[in-house]
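A short worksheet on the structure shown next.
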Amino acid sequence: MNLVRNPVVLYGGILAASVAAPLVFPDYTFQFTVLWVMILFALTWDMLGGQMGYNSLGNIFFFGAGMYICAIIQIGLYYDVAEYTAASGEIKVDISAPEYFTGLALGVIAAALLNTVFAAIFGWIVFGLRGPYFAIGTLGVALAAGELTGAWQYVGGGGGVALPVYPGEPDERALFFYGLCFIMAAITFFTLKKVYSGRFGLAINAIRDDEAKAEGMGIHTNRYKTIGWAISAFFLGISGALFGNMIGFIEPLEVAFPTVTFGIFMVVMCLLGGKGTLWGPVIGATLFHAFKEVTWTYMLGWQWVALGALIIILVVFFQQGVVGWIQEKWPEKFGIVVDDKLAATGPELDDRPRHSEAAQ
Amino acid sequence: MLDNIGLLFQAPLLNVQLLLDGIFVGAIFALAAYGLALVWGVMNVKNLAQGDFVITGGYLAWWLSKPRHVEIGIPGTGIKLVDWVTPAIHPILSMPLVIVVMFGFGWLVYVTVIRRVIGRDLFTSLLATFGLALVMAQLLNQMFGPEVQVAESGFDIHSLGGLVTVATIKFVSLCLAAVLAALVVVFMKYSRMGQAIRATAQDPRAAKVMGVDTDRVYAFTFSLNSAICGAAGVLISMIWVIQPFFGIAHSIRSFVIVTAAGLGNLPGVIMAGLGLGVAELYAGFTFGAELQQFTVVGMLVAVLVWRQIQYSRHRQAVQ
């Protein structure tokens with residue numbers, strides 16, 4: 001335990017494993033890249049869902065928005081976007097390596113920044129909604145965005161749009177995107193770690209525990225909520241931009257705004273790992289992705305039924321997740337002291353909040 | 001897009017057509033939304049699988065409407081346990097059967113899943129029913145395939161003054177929806193169980209003290225909702241189309257209607273349902289079919305924003 005607690009050993013071990021993974025198993029580089037994207041998804045979802053108590057079903061909106069913003073910038077720098085998408089693949093992108101990397105860098109930056117603007121706008125729309133209305137409202141925004149993009153001819157409509165091709169060997173390209181996704185996931189992790197440990201983390205936890213009281217104590221709840229969402233959106237936009245380029249072809253319903261796949265995976269991964277904890281999403285994403293990749297192809301079309309069943313089972317029976325379960329099992333390892341006397345009289349203390357929940 | 005709006009002014013009869021069709025589908029939306037409001041109000045469960053119950057009911061009616069060859073045998077041997085060609089049942093006649101089957105299905109779902117999420121926090125029921133929606137949609141897809149289906153009713157189509165056509169089945173389904181709604185209202189008002197349901201909705205604890213078996217009431221309410229959805233699905237399968245993944249759109253329609261009308265407001269639910277039906281058809285006509293889905297979701301966001309503006313006024317008044 002102490003060895004694991006040592007940050008040098010822990011982070012060093014993960015770093016070594018991450019660098020070694022695509023070199024030892026080059027055939028699976030794509031899967032490892034998706035794993036980092038999944039970890040990023042889970043981390044950003046948990047910021048709102050776990051730490052702030054605002055369960056969003058529509059975070060995938062920022063993923064798709066980032067993807068399309070990046071694509072428009074990348075193509076728009078050197079071509080007329082409308083002309084390019086209207087030709088649907090007839091125009092072959094022929095740009096040099098420096099032009100490609102400039103486009104990609106600018107696209108990623110634009111995706112991240114514009115997404116924070118979107119977060120502010122949508123925050124204004126949805127943050128007045130509480131509880132289930134928030135979840136349904138965000139789901140509505142994500143679904144609407146997918147449908148709208150599908151009807152928007154400028155970006156290719158439902159047919160999608162092909163992105164500029166990476167100037168280099170396929171192996172090099174896979175490693176390039178693996179590295180970028182790994183670095184982004186790591187940056188997200190350490191940003192959130194820093195954010196949670198300070199005043200901001202306390203404020204959003206207060207919002208989760210009791211928003212009315214938090215507001216009464218002088219916390220500007222709307223400001224914190226919007227900033228929290230903007231941070232999520234920032235990183236999700238980058239992940240979307242990178243993922244779109246890695247796939248090479250984007251399309252509104254399956255790739256950019258996959259509300260019932262990636263959009264729901266985010267939630268499932270957090271629940272599996274334990275929401276409201278820093279490591280929960282990382283562990284949940286890793287377990288879920290490994291499970292999915294190993295079993296998916298053997299289920300012959302029944303995998304989606306299994307996914308739905310997995311959600312139900314997780315929500316109903318195992319809501320605290322892996323990390324939450326470990327915390328419950330060995331609280332002393334987490335510096336939580338259990339008072340035996342209080343624990344013996346515990347159930348009475350528990351009674352009251354449950355009633356207030358039912359009354360809502 | 002503008003051409004289509006112009007067309008509406010040039011041919012006023014088109015408006016009549018859109019209005020009528022909107023009311024015909026809107027009545028069915030209202031029926032499903034009433035079920036959602038019932039479950040929401042009584043047990044505080046927001047059922048995101050509402051639309052999938054509707055679609056399941058539709059598929060049952062569609063499956064029964066044609067003769068099907070059912071063969072169940074022991075794999076590897078030639079022995080057939082069941083070898084039976086089902087009789088073709090007209091969708092309207094199969095409705096009572098669908099209602100009974102869906103009632104049983106609702107009970108099963110309640111016992112396995114819903115019972116465990118009542119009283120838990122708000123997101124739990126939402127996410128559990130979302131998982132349920134995924135399972136149901138994918139099961140239907142596995143069993144019946146992803147094609148769009150219609151249950152043929154065999155009624156003819158009447159033409160009113162050239163442009164406007166009304167299929168008899170649409171009119172029949174409107175009447176059936178009205179009858180079903182009336183039956184449910186009467187049941188809620190006068191039957192023993194209906195009284196128990198209303199008492200539980202008002203105050204579960206007091207109802208329990210007065211000797212109401214609330215667990216049974218919850219089970220019954222959820223099954224009743226499932227049966228209502230099944231009936232709505234039969235109607236939808238006759239006058240519109242069904243497809244395994246159309247469930248989520250129906251769920252969202254129900255949420256739009258209930259959010260706009262509020263809980264326990266039956267006239268509101270009916271008006272919002274008819275309004276939504278008409279609005280959707282108008283949007284589908286003017287903006288094209290690819291934006292019809294967007295209209296439904298856009299309407300949801302619009303209704304939520306409108307509600308929020310109302311609330312913020314209320315909050316300012318309180319301050």
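The values are calculated or read from the model by the stated rules, or taken from the named source; none is laboratory data. These figures come from a predicted structure and were not determined experimentally. Reconstructed Cβ throughout: ideal geometry from the backbone, glycine too, with neighbour counts over all protein chains shown.
Can you tell me which of B:Ile5, B:Ile23 is surrounded by fewer than 24 Cβ atoms within 10 Å (Cβ to Cβ) and in contact with a Ser or Thr (Cβ under 7 Å, 6 or more places away or on another chain)? Even if it seems obvious, please write down each step before you answer.
Working: B:Ile23 fails: in contact with a Ser or Thr (Cβ under 7 Å, 6 or more places away or on another chain).
Residue meeting the stated conditions: B:Ile5.
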Just to be sure, is A:Glu215 modelled with pLDDT under 90, over 21 Å from A:Leu129 (Cα atoms) and not basic (Lys, Arg)? no
Select from segment B:291-315 the residues that are surrounded by fewer than 20 Cβ atoms within 10 Å (Cβ to Cβ) and β-branched (Val, Ile, Thr) and write down the one among them that is farthest from the other protein chains (Cβ to nearest Cβ). B:Ile309
Going by what's in this entry, would B:Leu235 be described as among the hydrophobic types (A, V, I, L, M, F, W, C), surrounded by fewer than 19 Cβ atoms within 10 Å (Cβ to Cβ) and touching a helix residue (DSSP H, G or I) at 6+ places or on another chain (Cβ under 8 Å)? no
Which listed residue is more than 30 Å from A:Ala135 (Cβ to Cβ), among the aromatic types (Phe, Trp, Tyr) and assigned to a loop (DSSP other than H, G, I, E, B), from B:Phe155, B:Phe187: B:Phe155
B:Ser125 being hydroxyl-bearing (Ser, Thr, Tyr), within 19 Å of B:Ser65 (Cα to Cα) and either part of a helix (DSSP H, G or I) or within 9 Å of chain A (Cβ to nearest Cβ) (or both): no
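Given the criterion touching a Cys at 6+ places or on another chain (Cβ under 6 Å) and not β-branched (Val, Ile, Thr), identify the matching residue among A:Ala230, A:Ala212, A:Ala241. Steps first, answer last, please.
Details: A:Ala230 fails: touching a Cys at 6+ places or on another chain (Cβ under 6 Å); A:Ala212 fails: touching a Cys at 6+ places or on another chain (Cβ under 6 Å).
Among A:Ala230, A:Ala212, A:Ala241, only A:Ala241 is touching a Cys at 6+ places or on another chain (Cβ under 6 Å) and not β-branched (Val, Ile, Thr).
Results for (1) small (Gly, Ala, Ser); (2) closer than 23 Å to A:Met266 by Cα; (3) in contact with an Asp or Glu (Cβ under 6 Å, 6 or more places away or on another chain); (4) in a helix (DSSP H, G or I), shown as yes or no for each residue.
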{"position": "A:Leu129", "(1), (2), (3), (4)": "no, yes, no, no"}
{"position": "A:Leu139", "(1), (2), (3), (4)": "no, yes, no, yes"}
{"position": "A:Gly158", "(1), (2), (3), (4)": "yes, no, no, yes"}
{"position": "A:Pro167", "(1), (2), (3), (4)": "no, no, no, no"}
{"position": "A:Leu180", "(1), (2), (3), (4)": "no, yes, no, yes"}
{"position": "A:Lys213", "(1), (2), (3), (4)": "no, no, no, yes"}
In segment B:278-290, is there at least one residue being within 12 Å of chain A (Cβ to nearest Cβ) and assigned to a loop (DSSP other than H, G, I, E, B)? yes
Is it the case, given these coordinates, that B:Phe103 is in contact with a helix residue (DSSP H, G or I) (Cβ under 8 Å, 6 or more places away or on another chain), in a helix (DSSP H, G or I) and within 14 Å of another protein chain (Cβ to nearest Cβ)? no
Out of (1) more than 12 Å from chain A (Cβ to nearest Cβ); (2) part of a helix (DSSP H, G or I); (3) crowded, with 16+ Cβ neighbours inside 10 Å; (4) not small (Gly, Ala, Ser), what's the single condition that is false for B:Ile89? (2)
Please list, ordered by first then second residue, the pairs with beta carbon atoms under 8 Å, 6 or more apart or interchain, first in segment A:310-323 and more than 8 Å from chain B (Cβ to nearest Cβ) and crowded, with 22+ Cβ neighbours inside 10 Å, second among the aromatic types (Phe, Trp, Tyr) and assigned to a helix (DSSP H, G or I). A:Val323/A:Trp279
Do we find that B:Val113 is more than 22 Å from B:Ile252 (Cα to Cα), surrounded by fewer than 24 Cβ atoms within 10 Å (Cβ to Cβ) and of a type in the set (A, V, I, L, M) in this structure? no
Picked from segment A:101-151 (must be under 18 Å from the mean Cα position of the chain (by Cα), under 21 Å from A:Phe249 (Cβ atoms) and more than 14 Å from chain B (Cβ to nearest Cβ)), the residue surrounded by the fewest Cβ atoms within 10 Å (Cβ to Cβ) is A:Val108
A:Tyr178 vs. criteria away from every other protein chain (no Cβ under 14 Å), hydroxyl-bearing (Ser, Thr, Tyr) and out of contact with any Gly (no Cβ under 9 Å at 6 or more places or on another chain): yes
Could you give every pair whose Cβ atoms fall below 7 Å, whose first residue belongs to segment B:172-200 and is of a type in the set (D, E, K, R), and whose second residue is buried (at least 20 other Cβ atoms within 10 Å of the Cβ) and part of a helix (DSSP H, G or I), counting only separations of at least 6 or pairs across chains? none
Which one of these is part of a helix (DSSP H, G or I), more than 25 Å from B:Leu127 (Cβ to Cβ), out of contact with any Ser or Thr (no Cβ under 8 Å at 6 or more places or on another chain) and without any contact (Cβ under 8 Å) to a residue 24 or more places away in the chain: B:Pro96, B:Pro75? B:Pro96
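Of the residues in segment B:138-148, how many are buried (at least 20 other Cβ atoms within 10 Å of the Cβ) and more than 8 Å from chain A (Cβ to nearest Cβ)?
Taking segment B:138-148 and keeping what is buried (at least 20 other Cβ atoms within 10 Å of the Cβ), we get B:138, B:140.
Filter once more, so that each one left must be more than 8 Å from chain A (Cβ to nearest Cβ): B:140.
Going through segment B:138-148 one residue at a time, the tally reaches 1.
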Quick check on segment B:218-225. Is at least one of its residues under 30 Å from A:Ile264 (Cβ atoms), within 14 Å of another protein chain (Cβ to nearest Cβ) and at pLDDT 85 or above? yes
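Which one of B:Ile252, B:Ile242 is crowded, with 24+ Cβ neighbours inside 10 Å and touching a residue at least 60 places away in the same chain (Cβ under 8 Å)? Steps first, answer last, please.
Details: B:Ile252 fails: crowded, with 24+ Cβ neighbours inside 10 Å.
Every option except B:Ile242 fails the conditions.
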Could you list all residues from segment A:149-166 that are over 20 Å from A:Phe243 (Cβ atoms) and among the small types (Gly, Ala, Ser)? A:Ala151, A:Gly157
Examine segment A:237-258 for a residue that is touching a residue at least 40 places away in the same chain (Cβ under 8 Å), within 12 Å of chain B (Cβ to nearest Cβ) and more than 30 Å from A:Val161 (Cβ to Cβ), and state whether such a residue exists. no
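Among the residues of segment A:90-100, is there at least one that is hydrophobic (A, V, I, L, M, F, W, C), surrounded by 19 or more Cβ atoms within 10 Å (Cβ to Cβ) and in contact (Cβ under 8 Å) with a residue 12 or more places away in the chain? Let's see the steps before the verdict.
Residues of segment A:90-100 that are hydrophobic (A, V, I, L, M, F, W, C), as a first pass: A:91, A:93, A:95, A:97.
Filter again for surrounded by 19 or more Cβ atoms within 10 Å (Cβ to Cβ), leaving none.
Within segment A:90-100, not a single residue is hydrophobic (A, V, I, L, M, F, W, C), surrounded by 19 or more Cβ atoms within 10 Å (Cβ to Cβ) and in contact (Cβ under 8 Å) with a residue 12 or more places away in the chain.
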Quick one: count up the residues across segment A:261-281 that are more than 14 Å from chain B (Cβ to nearest Cβ) and surrounded by fewer than 22 Cβ atoms within 10 Å (Cβ to Cβ). 2
